[in-house]
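Let me begin by presenting the structure, written as structure tokens, before commenting on it.
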Amino acid sequence: MTLRPVISFAKLAPPKKGAAIVLAAEDNGLSGAAKACDPRNVLPRAFEVAEFKGKFGAAVDVLAPEQSPLDRIIAVGVGKTSAITEHCWWRLGGAIAAQLKKGKDATVVAELPDVAIGPQEAAAIAAGIQLRAYSFDTYKTKKDDNGAAPDKAARITVLCANPAAAKKAFAETEGVVDGVWLARDLVNQPANVLGPVEFAARASELKELGVTVEVLTEKEMRKLGMNALLGVAQGSVRPPRLVVMQWNGGKAKDKPVAFIGKGVVFDTGGISIKQAAGMEDMKGDMGGAAAVTGLMHVLAARKAKANVVGIIGLVENMPDGNAQRPGDIVTSMSGQTIEVINTDAEGRLVLGDALWYCNDRFQPKFMVDLATLTGAIMVALGNQYAGLFCNNDELAERLAAAGQATQERLWRMPMGAEYDKMIDTKNADMKNTGGRFGGSITAAQFLQRFVKDTPWAHLDIAGTAISSPATEINQSWASGFGVRLLDRLVRDHYEG
Ligand code: BES
Ligand code: MN
Ligand code: ZN
């Protein structure tokens with residue numbers, strides 16, 4: 001991974017060296033502190049020549065004139081100040097980071113003419129800078145190669161009205177960045193490096209932050225009757241794991257909230273094998289498990305006042321002499337039997353047992369599962385929204401609101417008895433595919449059969465966790481989708 005830029009905060013005063021970044025608003029230009037960085041007044045002409053109007057994310061990079069102690073002055077647009085939302089400060093950080101040279105120090109003058117940039121906003125800018133800086137270059141061996149990591153972390157100083165408070169706010173926000181970086185890194189890692197055992201070991205590192213981590217082995221899962229999960233794993237020489245993480249920062253008697261992640265470290269499709277083109281992307285079929293792990297990191301890092309359970313089902317879906325076959329019937333932990341029509345519909349088999357186990361053991365306030373579950377969700381929603389399936393309106397609304405706030409957006413999809421019927425089969429209690437139509441919905445109906453009456457939501461993140469278009473705050477193939485969203489959900493409704 002890239003070296004993370006090191007952030008510090010200081011009082012507003014004209015920077016004395018290196019690159020200075022100033023903010024320009026579309027409606028009324030530069031602040032006093034920004035103008036003080038430009039005593040020779042070179043920016044107005046530069047703006048004119050570059051036709052720079054302060055549009056959000058647009059930038060002008062000027063070499064500082066002779067006599068200036070600075071190297072460069074870079075103006076970054078923030079758009080119309082009336083249109084700035086909370087998430088814009090994160091995006092702005094990303095837009096600023098886009099202008100910085102890798103590994104080079106810089107100073108950001110965080111002041112605008114008529115909008116106060118408080119501690120939270122300054123911290124959000126800093127977090128945006130760090131999120132943008134992530135790149136997966138662990139396996140690039142040539143330092144001079146395009147994209148290879150510089151060997152020194154850049155130091156970024158953010159100048160703002162209240163640096164002490166900003167520093168305090170950022171101590172929490174940086175935990176969020178850590179969680180997103182962790183999730184991205186888990187997803188980006190190739191499957192030869194990150195199998196179920198290795199993933200479980202990474203999750204176990206959360207113990208250092210005070211998270212309780214249990215790792216269930218194949219033998220223990222067999223005893224629990226998790227034959228749906230185990231059926232998927234049986235085609236791989238690498239054994240499965242179920243990881244149970246607990247963060248108990250709330251009141252002792254408070255029921256926990258629970259997050260469950262699909263962790264298929266590689267999905268070949270099994271005997272119902274996938275086509276070759278694009279199959280390499282299936283190293284990311286553990287994006288749900290990565291988000292849950294990243295979330296647990298965030299909650300522990302900021303000592304969230306909530307009781308939270310994170311459960312991830314880790315398996316590899318491979319074709320093999322011992323792999324499960326289409327037509328096989330397995331008995332899940334719930335006792336319900338499943339006819340495996342297509343071995344490539346494996347995520348729901350893993351989650352069915354994980355959801356049942358979670359509900360049975362913890363009786364949580366609610367369960368939210370995250371899974372790169374279906375290609376069909378991309379047909380429906382593209383890469384912009386994750387699919388939200390939910391049996392509880394309040395939970396659905398809270399999730400959707402957290403999605404708006406963090407711009408990890410969710411779109412609610414329908415569920416119902418007519419869809420549920422589509423996974424009935426004469427050979428068992430249910431089958432694991434419902435045919436071509438409504439593929440994401442029948443997958444959700446399958447999961448719902450394992451949650452009883454517990455409030456539950458399923459997020460189909462196949463289009464948003466991997467391979468989604470780059471944004472100001474994410475340039476990586478793996479976005480880390482879900483970490484900021486769920487941290488926000490917990491923060492807004494389930495703490496204190
Ligand atoms: N992991 C895939 C879904 C997926 C596809 C995620 C592309 C990310 C990108 C899942 O296990 C799968 O194979 N789903 C099948 C289900 C079908 C066999 C009913 C699908 O979507 O085709
Ligand atoms: Mn599959
Ligand atoms: Zn899969």
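Go through the stretch 310-338 and give me each residue that's among the charged types (D, E, K, R) and within 16 Å of ligand 3 (Cβ to nearest atom).
The answer is Glu316, and nothing else.
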Quick one: Ile377 ticks every box in (1) open to solvent by less than 20 Å² (accessible area, probe 1.4 Å); (2) in contact with a strand residue (DSSP E or B) (Cβ under 6 Å, 6 or more places away or on another chain); (3) more than 12 Å from ligand 1 (Cβ to nearest atom) bar one, so which box is it? (3)
So which pairs qualify, if the first residue must be in the stretch 344-370 and modelled with pLDDT of 95 or more and assigned to a helix (DSSP H, G or I), the second must be within 16 Å of ligand 3 (Cβ to nearest atom) and open to solvent by 10 Å² or more (accessible area, probe 1.4 Å), the Cβ gap must be under 7 Å, and the two must be at least 6 apart or on different chains? Gly347/Leu373; Arg348/Leu373
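Among the residues of the stretch 69-90, count how many are touching a residue at least 60 places away in the same chain (Cβ under 8 Å) and touching a helix residue (DSSP H, G or I) at 6+ places or on another chain (Cβ under 6 Å). Talk me through it step by step, then tell me what you get.
Residues of the stretch 69-90 touching a residue at least 60 places away in the same chain (Cβ under 8 Å): 86-87, 90.
Next cut, touching a helix residue (DSSP H, G or I) at 6+ places or on another chain (Cβ under 6 Å) only: 90.
Qualifying residue count, the stretch 69-90: 1.
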Considering the stretch 43-58, residues that are hydrophobic (A, V, I, L, M, F, W, C) and open to solvent by 40 Å² or more (accessible area, probe 1.4 Å), and then whichever is farthest from Val109 (Cα to Cα), we arrive at Val49
Looking at (1) under 22 Å from Leu486 (Cα atoms); (2) part of a loop (DSSP other than H, G, I, E, B); (3) among the hydrophobic types (A, V, I, L, M, F, W, C), which one does Phe437 not meet, given that it meets all the others? (1)
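Here is a list: Gly310, Gly294. Which entry is in a helix (DSSP H, G or I), surrounded by 24 or more Cβ atoms within 10 Å (Cβ to Cβ) and in contact with a helix residue (DSSP H, G or I) (Cβ under 6 Å, 6 or more places away or on another chain)?
Details: Gly310 fails: in a helix (DSSP H, G or I).
The match here is Gly294.
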For the structure I just gave you, tell me whether Gly382 is surrounded by fewer than 24 Cβ atoms within 10 Å (Cβ to Cβ), more than 20 Å from Leu295 (Cβ to Cβ) and within 13 Å of ligand 3 (Cβ to nearest atom). no
Being basic (Lys, Arg) and over 20 Å from Gly94 (Cβ atoms) is the filter here, so list the residues in the stretch 395-418 that pass it. Arg398, Arg412
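Being buried (at least 19 other Cβ atoms within 10 Å of the Cβ), within 16 Å of ligand 2 (Cβ to nearest atom) and hydrophobic (A, V, I, L, M, F, W, C): is that true of Ile461 here? Spell out the reasoning first.
Working: buried (at least 19 other Cβ atoms within 10 Å of the Cβ): yes; within 16 Å of ligand 2 (Cβ to nearest atom): yes; hydrophobic (A, V, I, L, M, F, W, C): yes.
Judged against the criteria, Ile461 is a match.
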Inside the stretch 232-272, can you point out the residues that are assigned to a loop (DSSP other than H, G, I, E, B), within 16 Å of ligand 2 (Cβ to nearest atom) and at negative phi? Gln234, Gly235, Ser236, Pro240, Thr268, Ile271, Ser272
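Going by what's in this entry, would Ala258 be described as touching a Leu at 6+ places or on another chain (Cβ under 7 Å) and of a type in the set (A, V, I, L, M)? If you could, list the steps in order and put the result at the bottom.
On the way: touching a Leu at 6+ places or on another chain (Cβ under 7 Å): no; of a type in the set (A, V, I, L, M): yes.
The answer is no for Ala258.
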Qualifying residue in the stretch 126-134 (condition: open to solvent by 20 Å² or more (accessible area, probe 1.4 Å) and part of a loop (DSSP other than H, G, I, E, B)): no
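Provide a single number: the residues in the stretch 254-281 that are within 12 Å of ligand 3 (Cβ to nearest atom) and either touching a residue at least 24 places away in the same chain (Cβ under 8 Å) or open to solvent by less than 10 Å² (accessible area, probe 1.4 Å) (or both).
Residues of the stretch 254-281 that are within 12 Å of ligand 3 (Cβ to nearest atom), as a first pass: 262-270, 272, 274, 279, 281.
Among the residues that remain, those that are also either touching a residue at least 24 places away in the same chain (Cβ under 8 Å) or open to solvent by less than 10 Å² (accessible area, probe 1.4 Å) (or both) are: 262-270, 272, 274, 281.
So the count comes out to 12.
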Hits in the stretch 396-424 - residues which are over 15 Å from Leu459 (Cα atoms), open to solvent by less than 70 Å² (accessible area, probe 1.4 Å), outside any loop (DSSP other than H, G, I, E, B) and aliphatic (A, V, I, L, M): Ala405
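Considering only the stretch 298-308, I want to know if a residue exists there that is within 16 Å of ligand 2 (Cβ to nearest atom), in contact with a Leu (Cβ under 7 Å, 6 or more places away or on another chain) and in contact (Cβ under 8 Å) with a residue 40 or more places away in the chain. So that I can check it myself, show each step before the final result.
First, pick out the residues of the stretch 298-308 that are within 16 Å of ligand 2 (Cβ to nearest atom): none.
Within the stretch 298-308, none of the residues are within 16 Å of ligand 2 (Cβ to nearest atom), in contact with a Leu (Cβ under 7 Å, 6 or more places away or on another chain) and in contact (Cβ under 8 Å) with a residue 40 or more places away in the chain.
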Regarding the stretch 425-436, can at least one residue be identified that is in contact with a helix residue (DSSP H, G or I) (Cβ under 7 Å, 6 or more places away or on another chain), basic (Lys, Arg) and modelled with pLDDT of 95 or more? no
If you scan the stretch 15-37, which residues turn out to be open to solvent by 10 Å² or more (accessible area, probe 1.4 Å) and under 27 Å from Ala83 (Cα atoms)? Glu26, Asp27, Asn28, Gly29, Leu30, Gly32, Ala33, Lys35, Ala36
For residues that are touching a Ser or Thr at 6+ places or on another chain (Cβ under 9 Å) and not in a helix (DSSP H, G or I), scanning just the stretch 158-187, find the one that is nearest to Ala478 (Cα to Cα). Val158
Does the stretch 385-395 include one or more residues that are in contact with a strand residue (DSSP E or B) (Cβ under 8 Å, 6 or more places away or on another chain), at pLDDT 95 or above, farther than 24 Å from Gly352 by Cβ and buried (at least 17 other Cβ atoms within 10 Å of the Cβ)? yes
Selection from the stretch 96-116 of residues that are surrounded by fewer than 24 Cβ atoms within 10 Å (Cβ to Cβ), touching an Asp or Glu at 6+ places or on another chain (Cβ under 9 Å) and among the hydrophobic types (A, V, I, L, M, F, W, C): Ala98, Val115
For the stretch 339-350: of the residues being open to solvent by less than 10 Å² (accessible area, probe 1.4 Å) and touching a helix residue (DSSP H, G or I) at 6+ places or on another chain (Cβ under 6 Å), which is nearest to ligand 3 (Cβ to nearest atom)? Glu346
Residues of the stretch 313-343 being part of a loop (DSSP other than H, G, I, E, B) and of a type in the set (Ser, Thr, Tyr), in sequence order, are Ser332, Ser334, Thr343
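The values are calculated or read from the model by the stated rules, or taken from the named source; none is laboratory data. Here the structure is a predicted model, which means the values were calculated and not measured. Note that we place each Cβ from the backbone using ideal geometry, even for glycine, and neighbour counts take in every protein chain shown. Side chains are part of the model used for accessible areas, which takes the heavy atoms of the whole protein and leaves out ligands, DNA and RNA. Shrake-Rupley method; radii C 1.70, N 1.55, O 1.52, S 1.80 Å.
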